[in-house]
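Before any comments, here is the structure.
The values are calculated or read from the model by the stated rules, or taken from the named source; none is laboratory data. What you are looking at is a predicted structure, and each value in this text was computed from that prediction instead of being measured. All Cβ positions, even for glycine, are placed from backbone atoms using ideal geometry, and neighbour counts span all protein chains on display.
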């Protein structure tokens, strides 16, 4: 029989063993995480740090960067008329239309699919997800045929056959139509991994919660969504929100591919990403392009924090 005096020493030895095991597991966890940490540092953290440093320089990619203090940011706020007049408003408007609309549409479609039988749900989920996998260039080719500016364009042909227009409209070169077309095409391909995450979240909600809620007096599907479904899948909602924010603000290639030029006609479809490419790879002003990139990063961070406030875990 163990004596009472021996108990403290046994407790100490137990905690020593647990501490050693914890340290061992901790080292193993860091070891397994090392490849990801190295890749994250190499392709995310280090480029961001370089971009921050370059944003305070004048760099034409030929000569060495020269420090210019805050001149890039002063020029951005006071002298870059295209940015203030077209680029920033286009980006905010595009994000405010495509972001919430695509996000809400993803949730509605995910919820609708969750009500269907398994096989039919799988087929429809693949159909909805496939456009997001389509390469941007391939997607733009399809839509360029549809919105072609001559009589062979599908939309022009339909409108002329219906007698709604007399002559073809050059949709993709018109500042009146390009932005709207960009919104339509982006929403068409917006059912990406955020949509799949929401679908998985809805399917994994505990069904007993619904049963208990109906016993307690819940009367409609709308109440079911508001009081049970959404609160039960906040991690998936947060993930979908962040992916939507990143995808929306990093969009820009679609306008250039549709119109065939950067900047787009009258800057109608130009976003911050296009402005960065314009200064960085056309005008070779990499310092100013880095400043624009930093501004875009801060905008994305702000909206990501807003998403965290809505769907993040409350302490």
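Test residue 234 against the stated conditions and say whether it is closer than 30 Å to residue 117 by Cβ and surrounded by 14 or more Cβ atoms within 10 Å (Cβ to Cβ). Reasoning before the result, please.
Values: closer than 30 Å to residue 117 by Cβ: yes; surrounded by 14 or more Cβ atoms within 10 Å (Cβ to Cβ): yes.
Against the criterion (closer than 30 Å to residue 117 by Cβ and surrounded by 14 or more Cβ atoms within 10 Å (Cβ to Cβ)), residue 234 qualifies.
Can you say whether residue 300 is in contact (Cβ under 8 Å) with a residue 12 or more places away in the chain, farther than 27 Å from residue 74 by Cβ, assigned to a helix (DSSP H, G or I) and in contact with a helix residue (DSSP H, G or I) (Cβ under 6 Å, 6 or more places away or on another chain), as far as the supplied structure shows?
Numbers: in contact (Cβ under 8 Å) with a residue 12 or more places away in the chain: yes; farther than 27 Å from residue 74 by Cβ: no; assigned to a helix (DSSP H, G or I): yes; in contact with a helix residue (DSSP H, G or I) (Cβ under 6 Å, 6 or more places away or on another chain): yes.
No: the conditions fail for residue 300.
So which of 54, 31 is over 30 Å from residue 298 (Cβ atoms) and at pLDDT 80 or above? Before the answer, list the steps.
On the way: 54 fails: over 30 Å from residue 298 (Cβ atoms).
After ruling out the rest, the residue left standing is 31.
Spot the failing condition for residue 183; the list is (1) in contact with a helix residue (DSSP H, G or I) (Cβ under 6 Å, 6 or more places away or on another chain); (2) over 30 Å from residue 172 (Cβ atoms); (3) buried (at least 17 other Cβ atoms within 10 Å of the Cβ); (4) in contact (Cβ under 8 Å) with a residue 60 or more places away in the chain, and only one is missed.
If we test residue 183 against (1) in contact with a helix residue (DSSP H, G or I) (Cβ under 6 Å, 6 or more places away or on another chain); (2) over 30 Å from residue 172 (Cβ atoms); (3) buried (at least 17 other Cβ atoms within 10 Å of the Cβ); (4) in contact (Cβ under 8 Å) with a residue 60 or more places away in the chain, just (2) comes out false.
Listed here are the residues, each with its yes/no results for (1) modelled with pLDDT of 90 or more; (2) at positive phi; (3) exposed (fewer than 14 other Cβ atoms within 10 Å of the Cβ); (4) in contact with a strand residue (DSSP E or B) (Cβ under 6 Å, 6 or more places away or on another chain).
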residue	(1), (2), (3), (4)
89	yes, no, yes, no
104	yes, no, yes, no
107	yes, no, no, no
149	no, no, no, no
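Do the conditions hold for residue 168, that is, is it under 24 Å from the mean Cα position of the chain (by Cα) and either closer than 30 Å to residue 89 by Cα or without any contact (Cβ under 8 Å) to a residue 40 or more places away in the chain (or both)? Step through it out loud before you land on a result.
Details: under 24 Å from the mean Cα position of the chain (by Cα): no; either closer than 30 Å to residue 89 by Cα or without any contact (Cβ under 8 Å) to a residue 40 or more places away in the chain (or both): yes.
No.
For (1) out of contact with any helix residue (DSSP H, G or I) (no Cβ under 6 Å at 6 or more places or on another chain); (2) within 20 Å of residue 273 (Cβ to Cβ); (3) touching a residue at least 12 places away in the same chain (Cβ under 8 Å), each residue gets a yes or a no:
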residue	(1), (2), (3)
87	no, yes, yes
94	yes, yes, yes
129	yes, no, yes
145	yes, no, no
153	yes, no, yes
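Which one of these is in contact with a strand residue (DSSP E or B) (Cβ under 9 Å, 6 or more places away or on another chain) and either surrounded by fewer than 20 Cβ atoms within 10 Å (Cβ to Cβ) or over 25 Å from residue 142 (Cα atoms) (or both): 285, 216? Write out each step before concluding.
On the way: 216 fails: in contact with a strand residue (DSSP E or B) (Cβ under 9 Å, 6 or more places away or on another chain).
Unique residue meeting the criteria: 285.
Residue by residue through the range 190-206, note down the ones that are over 17 Å from residue 123 (Cα atoms) and modelled with pLDDT under 85.
190
Name the one entry in 241, 200, 251 that is under 21 Å from residue 105 (Cβ atoms) and in a loop (DSSP other than H, G, I, E, B). Before you say what the answer is, go through the steps one by one.
Details: 241 fails: in a loop (DSSP other than H, G, I, E, B); 200 fails: in a loop (DSSP other than H, G, I, E, B).
Of the residues listed, the single one that is under 21 Å from residue 105 (Cβ atoms) and in a loop (DSSP other than H, G, I, E, B) is 251.
Quick one: in the range 244-268, of everything that is buried (at least 19 other Cβ atoms within 10 Å of the Cβ) and within 15 Å of the chain's Cα centre (by Cα), which residue is farthest from residue 299 (Cα to Cα)?
The selected residue is 254.
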